[in-house]
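Contents: one structure, followed by commentary.
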Amino acid sequence: MAETLDLSIYVKRQDDGTAHLDLAVEGIDCAACIDEIESGLHRLAGVVDARLNYTNHRLAVEWRDGELAPAQVVEELQRLGYRAHPFLARLVEEEEDRRAKWLLRCLAVAGFASMNIMLLAVSVWSGNVTDITPETRDFFHWLAALIALPAVAYAGQPFFRSAMNALRNGRTNMDVPIVIGILLALTVSVVETVNSAEHTYFDSVVMLLFFLLCGRYLDQAMRRKTRAVASNLASFRAEVAHRMEDDGEIVLVPTAALKSGDRVLVRPGERIVADGVVLAGNSEVDESLVTGETAHRAVRAESQVYAGSMNYNGTLTLRITAAGKGTLLDDVERLLENAAAAKSRYVRLADRVAKVYAPVVHTAAAITALTWIATGASIHDALITAIAVLIITCPCALALAVPVVQVVASGSLFRAGVFLNTGDAFERLAKVDTIVFDKTGTLTLPTMSVINAGDLEPDLLEAACRLALSSRHPLASAVARMARDRRPYDDVVEEPGQGVRTVVNGQEMRLGSPVFCGAQGIADITTQTDPVASVIAFCWGGKQAVLLVRQALRPDARLVLQNLREHGFDCRILSGDRPEAVAPIAATLGIAAWRGGCKPADKIEALEALKAEGRKVLMVGDGLNDAPALAAAHVSLSPISAADLTQAHADAVFLGDKLKPVQDTIEIARRAHGLMLQNLGIALVYNLIAVPLAFLGCVTPLVAALAMSGSSTIVTLNALRARGRTPAPSAGPAAQPQPVLAALGA
Amino acid sequence: MEVLIYLVPMALLLGLSGLAAFMWSLKNGQYDDVQGAAVRVLSDDDVRT
């Protein structure tokens, strides 16, 4: 650990002379970890406080400024056996935290109010059929009003705000009829209280608020949990760069600290961390994460390189340019804008229902009032009955129907290793009939692996793998990953651009290019079986072997695609890679409809063509070049290894090396969508029974309370079925994929 | 039944103090790490000198 990481941009200096650093910690799995980490850090000189949050695996460390370098904290944690990554709370997440707390406060107020008002209301109901005096009843009604009015004013805010927003934009949503119902019920109850009437509806109003807030809070809590895990994963991925200072000194800094104009050194085998222009050096870069192209591109001075590319042979010096200046990125940005604008036109299921529901209910109430007046009732009675219709139809069950299913289903997805970015993705996922895959990094694994390991002599392979441990070359690291014995050989010499060699048991051992190992002959024969794979040769004494290295298919890709096809999905491939590289993969997976060499605009065009045929397309992709296509598709998924911009535009992100989550996601979404429709059906049946009763004037506050809590309970219980059989946890949040997570400060 | 005039408001006050206690605990960060609180209770050397 010769270089120390400069973490100063993550450190928050506080007024009392202490410095504060937030870290996301990997590898916390038991209660003992808390004590180990906290007391371990307390032993460091200068540390004032270290507190681990076991729920979201984040550690807050405070120390007296100047007594400790932030990198020491990370090193100490590493020594204790935990990898820690500096963490910057994102604005979105803080905003969500605040909103969750606010909803919880509203929920507490509504809960308090509904319990106490129910106490008073039950006394009145039982008193009304026995011997309550009108004075006691009035007293109870006044008390209920005293509790309900401030409680609704406070706890109703989430609904008031959302309804106001919708109305201001000329739309309606479910909150509009809710707010109208609440306000009318409150007004009529106050008037009835003043008139010493028998019935008030304070209890119904507050109970309604309480149920609805439960749904909202659960929805928020689920989303917050998902976001916390996702942003931990993002900080695990955070990479480091070697920055060249003006005096020529090289410092290791987190990527977040890089500014436009900085000079950065990229060694062979390192990933390029920011867009830039090459100042000096020659090399080849693998841009598969950017364009999907697996063939390497030669770069020299003045070449433009993109973040996410892997540097292969030579050391490069880059000047960082402002993001979005490359031709490719400009293209991507422009396409993204158009695609995102098109997508926002989707109207959610709940809002579509609300659009029909609100006018129907309000017309029903008006008809009730008019009919009662026409049949000779007093205006007071007619109004009370009409308002009873509004209260009983106040869409409690309807407003819970969709969010509760979403909460339960995103819980199932979470366990299957899929994080949702958007709540309405379920509705869109359920309608999917065509699935378009990107090839590189989506159908194949984002990392390289040896594909002909089975054909080689085991001893020879093991020796090659062990020798590969000493090389920094990216292809060698694919070989090195298979080494069972993790101890590198002694005295290994690296010949730049050729390979590594050493002497074992008196015999020379070489790993590298076929020429370097004198294995040109075997290499030529072996490459014929797979022309797109990269070749690594190995020789030991007289024995030679040739290893083929390539991005292998995800282990279950063939099975998952077969299942998907059996379920009637039309699977296709749109890849940015050369057609020669796509063809064998498509053949293996049995996909007939594939295209290679697609630019981002070509992908969008292909998606538009599918859309024009009336298909609903699920796009699965990971490269930067896929981002516009993900935004343009009906719904989209991306693996956690995808480029940041791409992940931001996907509706959901999945973890792990397997493709199974794609299938799970569709299954869970279909079940969830079915349950949403069922729930809306239940709410409809409830209204069909309740509205005629209310129309006839049979709805007393007792009936209203029973009907509302009954329908809400049924809808919620039905939503719980979305849990169903949880698919086998292929990669739960606890088992994070290792290769993706770049070690920090190592 | 005159007793209700002060009994019911007293019951309400008790409920209100419960609500106030909840609000305080929420503001105080008692719910920030619920899983941690569940396991920390088992460690007996959590008081540092």
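The values are calculated or read from the model by the stated rules, or taken from the named source; none is laboratory data. Remember, predicted model here, so these are calculated numbers, not experimental data. Heads up, the Cβs are rebuilt from the backbone with ideal geometry, glycines too, and the neighbour counts pull from every protein chain shown.
Annotations for the structure displayed:
- For A:Glu198: the one exception among (1) more than 30 Å from A:Ser638 (Cα to Cα); (2) buried (at least 21 other Cβ atoms within 10 Å of the Cβ); (3) charged (D, E, K, R): (2)
- Matching residues in region B:20-42 - criterion: being within 7 Å of another protein chain (Cβ to nearest Cβ), outside any helix (DSSP H, G or I) and surrounded by 13 or more Cβ atoms within 10 Å (Cβ to Cβ): B:Asp32, B:Asp33
- Qualifying residues in region A:23-40 (those that are crowded, with 19+ Cβ neighbours inside 10 Å and over 22 Å from the mean Cα position of the chain (by Cα)) - the one farthest from the other protein chains (Cβ to nearest Cβ): A:Ile37
- Residue in region A:56-68 that is assigned to a helix (DSSP H, G or I), closer than 22 Å to B:Asp33 by Cβ and at the interface with another protein chain (Cβ under 10 Å from one of its Cβ atoms) present: no
- Looking across region A:419-459, the residues that are of a type in the set (Gly, Ala, Ser) and in contact with a helix residue (DSSP H, G or I) (Cβ under 9 Å, 6 or more places away or on another chain) come down to A:Gly423, A:Ala425, A:Ala430, A:Gly441, A:Ser449, A:Ala453.
- Verdict on A:Thr646 being part of a helix (DSSP H, G or I), modelled with pLDDT of 90 or more, under 15 Å from the mean Cα position of the chain (by Cα) and buried (at least 24 other Cβ atoms within 10 Å of the Cβ): no
- Residue list for region B:1-19, filter: in a loop (DSSP other than H, G, I, E, B) and more than 13 Å from A:Phe140 (Cα to Cα): B:Val3
- Qualifying residue in region A:430-440 (condition: modelled with pLDDT under 85 and either on the phi < 0 side of the Ramachandran plot or out of contact with any Gly (no Cβ under 8 Å at 6 or more places or on another chain) (or both)): yes
- Scanning region A:430-447 for residues that are buried (at least 24 other Cβ atoms within 10 Å of the Cβ) and in a helix (DSSP H, G or I) gives A:Lys439, A:Thr440, A:Gly441, A:Thr442, A:Leu443.
- Pairs with Cβ under 8 Å, 6+ apart, first in region A:5-17 and buried (at least 18 other Cβ atoms within 10 Å of the Cβ), second β-branched (Val, Ile, Thr): A:Leu5/A:Val74; A:Leu5/A:Val240; A:Leu5/A:Val253; A:Leu7/A:Val74
One line per residue, one yes/no per condition, for (1) within 33 Å of the chain's Cα centre (by Cα); (2) crowded, with 22+ Cβ neighbours inside 10 Å:
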| residue | (1), (2) |
| --- | --- |
| A:Ser449 | yes, no |
| A:Asn452 | no, no |
| A:Ser471 | no, yes |
| A:Ala476 | yes, yes |
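- Any pair with Cβ under 6 angstrom, 6 or more apart, that starts in region A:482-493 at a residue that is part of a loop (DSSP other than H, G, I, E, B) and ends at one that is small (Gly, Ala, Ser): A:Pro488/A:Ser470; A:Val492/A:Ser470
- Verdict on A:Val109 being buried (at least 21 other Cβ atoms within 10 Å of the Cβ), more than 23 Å from B:Ile5 (Cα to Cα) and at pLDDT 90 or above: yes
- The lone exception for A:Arg79 - which of (1) assigned to a helix (DSSP H, G or I); (2) more than 18 Å from A:Asn232 (Cα to Cα); (3) under 32 Å from the mean Cα position of the chain (by Cα); (4) within 14 Å of chain B (Cβ to nearest Cβ) it fails: (4)
- Cβ pairs under 8 Å, 6+ apart, first in region A:511-529 and free of Cβ contacts under 8 Å to residues at least 60 places away in the same chain and under 13 Å from A:Arg501 (Cβ atoms), second surrounded by fewer than 19 Cβ atoms within 10 Å (Cβ to Cβ) and of a type in the set (D, E, K, R): A:Gly512/A:Glu495; A:Phe516/A:Glu495
- A:His57 over 30 Å from A:Ala155 (Cβ atoms) and touching a helix residue (DSSP H, G or I) at 6+ places or on another chain (Cβ under 9 Å): yes
- Considering region A:62-75, and only residues there that are surrounded by 20 or more Cβ atoms within 10 Å (Cβ to Cβ) and under 31 Å from the mean Cα position of the chain (by Cα), the residue that is farthest from A:Ala45 (Cα to Cα) turns out to be A:Val74.
- Screening A:Ala397 against (1) at pLDDT below 85; (2) closer than 21 Å to A:Ala631 by Cα leaves a single unmet condition, (2).
- Total residues in region B:1-19, condition more than 8 Å from every other protein chain (Cβ to nearest Cβ) and surrounded by 12 or more Cβ atoms within 10 Å (Cβ to Cβ): 0
- Region A:132-153 residues that are closer than 16 Å to A:Ser114 by Cβ and within 11 Å of another protein chain (Cβ to nearest Cβ), paired with ones that are of a type in the set (Phe, Trp, Tyr) and in a helix (DSSP H, G or I) (beta carbon under 9 Å, 6 or more apart): A:Ala144/A:Phe202; A:Ile147/A:Phe112; A:Ile147/A:Phe202; A:Ala151/A:Phe112
- Yes/no for A:Asp491 being within 15 Å of A:Leu548 (Cα to Cα) and outside the structural domain of A:Ala583 (by TED's automatic domain parsing): no
- Within region A:56-94, the set of residues being among the β-branched types (Val, Ile, Thr) and either in contact with a His (Cβ under 9 Å, 6 or more places away or on another chain) or at pLDDT 85 or above (or both) comprises A:Val61, A:Val73, A:Val74.
- All helices (runs of 4 or more DSSP H) inside region A:531-624 with 2 or more residues being touching a strand residue (DSSP E or B) at 6+ places or on another chain (Cβ under 8 Å) and more than 30 Å from A:Gly521 (Cα to Cα): A:557-566, A:600-612
- Residue within region A:41-51 that is in a strand (DSSP E or B), away from chain B (no Cβ under 12 Å) and surrounded by 19 or more Cβ atoms within 10 Å (Cβ to Cβ) present: no
- Yes/no for A:Thr442 being of a type in the set (S, T, N, Q) and touching a residue at least 24 places away in the same chain (Cβ under 8 Å): yes
- Residue under evaluation A:Pro268, criteria (1) at pLDDT below 85; (2) within 30 Å of A:Arg300 (Cβ to Cβ); (3) out of contact with any Phe, Trp or Tyr (no Cβ under 7 Å at 6 or more places or on another chain), criterion not met: (3)
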